[in-house]
Amino acid sequence: MKNFKTLKEYFIKYKWRYIGGLFALVIVNVLQLFIPRIIKYAIDDITQGGVVRAHLIKYALWIVGLALVVTFFRFFWRYFIAGVAIRIQEALRNRLFSHLQILGLKFFRDHRIGDLMAHFTNDMNAVRRTLGFGTVMIVDISVLGSLSFVFMLFISVKLTLYAIIPLPLITLVALRFAKLIHKRFGNVQASFSELTASARESIEGIRVMRAYNQQEGELDKFKEQTQEYVDKNISLLRVWSGFFPLIFFLANLTICIVLWFGGKETILKTISLGDFVAFQAYLGTLVWPIMAIGIVINLLQRGAASMGRINKLLDTVPEIVDSKQKTGDREEINGEIEFRGVSFAYNGTEVLKDINLSVKPGESLGIAGPVGSGKSTLVSLISRLFDPTNGEIRMDGTPIKEIPLSTLRKSIGFVPQDSFLFSDTIRANIGFGRSEVSDSEIYRVAKLARIYDEIMQLPNKFDEIVGERGVTLSGGQCQRLAIARAILVNPKILVIDNALSSVDIEKEREILNDLQKKFADRVLIIISHRIRSLAGLNHIIVLEQGEIKESGTHEELLSLRGVYFNLFRYQELE
Ligand code: ADP
């Protein structure tokens, strides 16, 4: 139960709706128990003779009246209790989503996207069902169950004791079936996600599949998976099909017992015929709460387990947070960067070793080096996607840990190797992260990124949808869109991490020349595999196995005749 403590604030927020719903449910439970009582009076009147039509009409009107009030309150308990459950689920989902936003990249490396999605769907639904159905069942068990039991005792203690003999069996059967159904339903879900994941992969990889002529193989695999999905569904269906018939059988068993013993008592006139009929009705009402005990135990266990998983995510502390001694509410930085003896390790494997460097506003830095030498890692430390394992990074002389993360990140324009485009218009993709941006600004950055002319040739120009649901842009076009997106933010520091690799070298150089002019008073950091693209930058470092092996201007580095010289010569020869 303590797992549900997280939801306390929401219960407080919606307490009146919740209390209203519970109140309506209790009224429904109590009122519906009076209907058999009225039937009892009517039957007793009839059997005793002397009943007049007016009496019967009076009983009928009572029943109709009660039924109307019950209908009215039934609407409200559903509306309020289910409504609160949905609202709480929504609030919890938003809270989890916003928590994921602040978690660091390490977290996303350690968790699969599919697993995270399951928390948003399966776990959230389990919590909602517990709050909704679970509450209703607990009230039904305690109010409807205990009151019908009391009404039965009221009619005949002995008969009640006989009648309840098979009832624990109903609870046990319900519990067993609820567990089985849950397990098999889980299998169906797992098989369905396998099926969709593999269908998705086949469609995404259709080109490779055709190129390797693997259609047949894929089709067989798919057929196998659909068959498995059908099998899992049938196995679930088998349990479902057995559930209600078995419950009805046990319920009918109790009716037989009551018919036998109750019939005898009626004949002996220990109870009236009206009592006998009412008793059967109460017994019918009692079956549901008895069955609900079994179902609710399972539901609560599942809800608590799901809530536990959600709590675990909510309790995950982001590894990168604003420091306690951050420099007030600093909103601007100039962009002077200094690395002092910085080292960094991913899970114990050191990938950067004792990096010392400094870049001032108005300077440009190039980073060269073989694949895996630590270039991307180095620039990701500047915007604190990770924190150094050793050493310190300073910005304008202040340790970056003391600069608010929001200030730091808004001052850095970062274009990663593989930029992500959202399924939205080109305009929205360029303007991403900016609430108000004019067309002229969008056009200006598109021109700077040398993508404007190509966009204007698309049928819908800047309103063309890109991403998964839109037109497919070439790798180079995506990269230039990403560059436009980063320039639009007007950052103090612009980092381009190999993000022009799919653009032809001439265009890359044009773009970089323009950017150098535009960023003449700021910091420009460029990682590129093409040495030629770095040639015009103020300062270049060469990384190898996480260490700065060489540094200087293009000419200085060439004259060293070392790693840089060899890389350059090799590329020129190519
Ligand atoms: P580069 O940009 O020069 O190609 P990276 O900075 O991407 O190099 O990678 C440096 C080293 O760190 C490589 O050995 C790479 O395998 C490793 N690495 C990069 N990213 C991760 C990560 N998220 N988790 C673990 N190791 C990583």
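The values are calculated or read from the model by the stated rules, or taken from the named source; none is laboratory data. Just so it is clear, the model here is predicted, and its values are computed rather than measured. Backbone-built Cβ (ideal geometry, glycine too); neighbour counts: all protein chains shown.
For the list (1) in contact with a Lys or Arg (Cβ under 9 Å, 6 or more places away or on another chain); (2) away from the ligand (no atom under 16 Å from the Cβ), I need the number of the one condition that Leu500 fails.
(2)
Residue check, Ile531 against (1) crowded, with 22+ Cβ neighbours inside 10 Å; (2) over 39 Å from the mean Cα position of the chain (by Cα); (3) within 13 Å of the ligand (Cβ to nearest atom), all met but one. Which one?
With (1) crowded, with 22+ Cβ neighbours inside 10 Å; (2) over 39 Å from the mean Cα position of the chain (by Cα); (3) within 13 Å of the ligand (Cβ to nearest atom) applied to Ile531, the lone miss is (3).
Take the residues in the range 359-382 that are surrounded by fewer than 16 Cβ atoms within 10 Å (Cβ to Cβ) and under 15 Å from Lys549 (Cα atoms); name whichever of them is farthest from the ligand (Cβ to nearest atom).
Ranking the qualifying residues of the range 359-382, first place goes to Pro370.
Inspect the range 65-83 for any residue being basic (Lys, Arg) and within 16 Å of the ligand (Cβ to nearest atom) and give the result as yes or no.
No, because not a single residue in the range 65-83 is basic (Lys, Arg) and within 16 Å of the ligand (Cβ to nearest atom).
Could you check Phe120 against (1) free of Cβ contacts under 8 Å to residues at least 60 places away in the same chain; (2) surrounded by 15 or more Cβ atoms within 10 Å (Cβ to Cβ); (3) under 23 Å from Leu7 (Cα atoms); (4) more than 14 Å from the chain's Cα centre (by Cα) and say which number it fails?
Unmet condition: (4).
Could you please let me know if Leu481 is assigned to a loop (DSSP other than H, G, I, E, B), modelled with pLDDT of 90 or more and either over 30 Å from Ala345 (Cβ atoms) or assigned by TED's automatic domain parsing to the domain that holds Met395 (or both)?
Criteria not met by Leu481.
So Asn429 ticks every box in (1) within 22 Å of Ile333 (Cβ to Cβ); (2) in contact with a Leu (Cβ under 6 Å, 6 or more places away or on another chain) but one. Which box is left unticked?
With respect to (1) within 22 Å of Ile333 (Cβ to Cβ); (2) in contact with a Leu (Cβ under 6 Å, 6 or more places away or on another chain), Asn429 is out only on (1).
Take the conditions within 23 Å of Val445 (Cβ to Cβ), touching a residue at least 12 places away in the same chain (Cβ under 8 Å) and either among the β-branched types (Val, Ile, Thr) or touching a His at 6+ places or on another chain (Cβ under 9 Å) (or both) and apply them to Gly366. Does it pass?
It is true that Gly366 is within 23 Å of Val445 (Cβ to Cβ), touching a residue at least 12 places away in the same chain (Cβ under 8 Å) and either among the β-branched types (Val, Ile, Thr) or touching a His at 6+ places or on another chain (Cβ under 9 Å) (or both).
Closer than 30 Å to Thr398 by Cβ and in contact (Cβ under 8 Å) with a residue 24 or more places away in the chain: which single residue out of Ile257, Ile337 fits that description?
Selected residue: Ile337, the only one of Ile257, Ile337 that is closer than 30 Å to Thr398 by Cβ and in contact (Cβ under 8 Å) with a residue 24 or more places away in the chain.
Only one residue in Asp387, Asp418, Asp354 is modelled with pLDDT of 90 or more and either among the small types (Gly, Ala, Ser) or under 32 Å from the mean Cα position of the chain (by Cα) (or both). Which one?
After applying the criteria, what remains is Asp387.
When both residues are 6+ apart or on different chains and their Cβ atoms are under 6 Å apart, which pairs have a first residue that lies in the range 286-312 and is closer than 21 Å to Thr171 by Cα, and a second that is surrounded by 21 or more Cβ atoms within 10 Å (Cβ to Cβ) and of a type in the set (Val, Ile, Thr)?
Ile290/Ile170; Met291/Ile170; Leu299/Thr130; Gly303/Val127; Gly303/Thr130
Please pick out the residue among Leu512, Leu473, Leu458 that is in a loop (DSSP other than H, G, I, E, B), of a type in the set (A, V, I, L, M), more than 32 Å from the chain's Cα centre (by Cα) and away from the ligand (no atom under 16 Å from the Cβ).
Leu458
Here is a check on your reading of the model: is Leu405 within 10 Å of the ligand (Cβ to nearest atom) and within 26 Å of Gly546 (Cα to Cα)?
Against the criterion (within 10 Å of the ligand (Cβ to nearest atom) and within 26 Å of Gly546 (Cα to Cα)), Leu405 does not qualify.
If the Cβ limit is 6 Å and pairs must be 6+ apart or interchain, which residue in the range 402-428 that is within 25 Å of Asp463 (Cα to Cα) pairs with which residue that is assigned to a helix (DSSP H, G or I) and acidic (Asp, Glu)?
So the pair list comes out as Thr425/Asp463.
Taking the condition of being charged (D, E, K, R) and surrounded by 13 or more Cβ atoms within 10 Å (Cβ to Cβ), how many residues in the range 432-460 meet it?
6
Being among the charged types (D, E, K, R) and without any contact (Cβ under 8 Å) to a residue 24 or more places away in the chain: is that true of Lys447 here?
When the stated conditions are applied, Lys447 passes them.
Quick one: which of Phe432, Phe422, Phe386 is out of contact with any Asp or Glu (no Cβ under 7 Å at 6 or more places or on another chain), among the aromatic types (Phe, Trp, Tyr) and within 16 Å of the ligand (Cβ to nearest atom)?
Answer to the check: Phe386.
Quickly run through the range 334-358 and pick out the residues that are more than 16 Å from the ligand (Cβ to nearest atom) and under 17 Å from Leu385 (Cβ atoms).
Passing the criteria: only Ile337.
Test of understanding: among Leu92, Leu31, which residue is in contact with a Phe, Trp or Tyr (Cβ under 9 Å, 6 or more places away or on another chain), under 21 Å from Leu283 (Cα atoms) and not small (Gly, Ala, Ser)?
That would be Leu31, the only listed residue that is in contact with a Phe, Trp or Tyr (Cβ under 9 Å, 6 or more places away or on another chain), under 21 Å from Leu283 (Cα atoms) and not small (Gly, Ala, Ser).
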